[in-house]
Amino acid sequence: MRAQSSATASTRIAVDTPAPDGTSAGTPALGHSAPGSAAGPAQAALGVVAFSLTFPATVWGLEGFGPWALVSARSVLAALIAGGALLAMGVPLPARRHRPGLAVVAAGVVLGFPLLTTLALRTSTTAHAAVVVGLLPLTTALLSALRVGARPSRTFWAAALAGAAAVVAFTVQQSGGALTAADLYLFGALLVCAAGYTEGGRLARELPGWQVIGWALVLCLPLTVPVAAVALVHQPPHLGVHSVAGLLWVAAGSQFLGLVVWYRGMAAIGIPKASQLQLAQPLLTLVWSVLLLGEHLTPAAPLTAAAVLVCIAVTQRARG
């Protein structure tokens, strides 16, 4: 999920829209692939696939872990991976001026989004959550506009509002005419994650994108380690193939390694092409929900996801 938690892309429209880890899409991470290399599209596509598997992996993880145990253990494992990478590459500690922004990224992307989406997925289907969270790029763009004082075009606003209306209508229809607790968790997840993405995008003008998410993960360790210890005692895990695979994927695949290949691929093929690949992410999640979880889709789910995809494509092409 956005890390994603439990963890969802960007391009230049009328504002600078951050990428799924809360960083600016224009910032490459662990080096550059050579322009025109065949590895670039493959790496970007692997990143999208990694992000699209977050919700199904979370559902698997919940088979053996309580929500608090899953989220805290996920963050600790991802932080250990990120911290190892930062240490191995000799990255210096972030400057003091960067730390408030990293705290916002940590609160939104590392803690808030994974926790809220995990709580939602206890009662919501993966397909339902994927459609609702498909609004994340639009929500991020709106908060980015407010944060930097940009003035997107009327076309941008019209497409953004149309996408939001489609998701709200879908949510109300699927919930029998009223919002459920899971829906409120999902909408809350959109807001906190978009805030984290927006602040991460600002930070990524000065720090490489992978370092932004890496330091945000490490920053959370004083909180996530004791929470994980307490949660694992009070919610003893029932380890199985699904629960272990789900935990490992959301920690290593979704919240860190997926971001590495995404940024490397984007550096090679450019922002527009990479962003077009990520438009398929909600639809991919719907496919995984059927193949991995055996969910049965209503016609409204893929239709709404496609409508949101179109709205996002319009906002990406809009110019202020």
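Of all residues in segment 167-200, those that are touching a Pro at 6+ places or on another chain (Cβ under 9 Å) and open to solvent by 10 Å² or more (accessible area, probe 1.4 Å) total 2. One residue stands out in segment 277-292 among those that are open to solvent by 30 Å² or more (accessible area, probe 1.4 Å) and under 16 Å from the mean Cα position of the chain (by Cα): the one that is modelled with the highest pLDDT, namely 284. The sole residue among 6, 24, 52, 10 that is crowded, with 19+ Cβ neighbours inside 10 Å and either on the phi > 0 side of the Ramachandran plot or at pLDDT 95 or above (or both) is 6. None of 75, 52 is in contact with a Phe, Trp or Tyr (Cβ under 8 Å, 6 or more places away or on another chain) and hydroxyl-bearing (Ser, Thr, Tyr) except 52. Taking every residue in segment 206-217 that is under 15 Å from residue 97 (Cα atoms) and in a helix (DSSP H, G or I) and pairing it with any residue that is at pLDDT below 85 and open to solvent by less than 10 Å² (accessible area, probe 1.4 Å), at least 6 positions away or on another chain, the pairs with Cβ-Cβ distances below 6 Å are 212/23; 212/200; 212/203; 212/204. Please go through segment 104-127 and pick out each residue that is surrounded by fewer than 15 Cβ atoms within 10 Å (Cβ to Cβ) and of a type outside the set (Lys, Arg). If the condition is that a residue be surrounded by fewer than 15 Cβ atoms within 10 Å (Cβ to Cβ) and of a type outside the set (Lys, Arg), then 123 is the only one that fits. Restricting 68, 60 to those that are modelled with pLDDT of 95 or more and either outside any helix (DSSP H, G or I) or open to solvent by 40 Å² or more (accessible area, probe 1.4 Å) (or both) reduces the list to 60. Name every residue in segment 121-158 that is part of a helix (DSSP H, G or I) and of a type in the set (D, E, K, R), in order of residue number. The answer is 147, 154.
The values are calculated or read from the model by the stated rules, or taken from the named source; none is laboratory data. Remember, it's a predicted structure, so these values are computed and weren't measured experimentally. Here the Cβ is made from the backbone with ideal geometry for all residues, glycine too, and neighbour counts use every protein chain on show. The accessibility values were calculated without ligands, DNA or RNA, using every heavy atom of the protein model including side chains. Shrake-Rupley method; radii C 1.70, N 1.55, O 1.52, S 1.80 Å.
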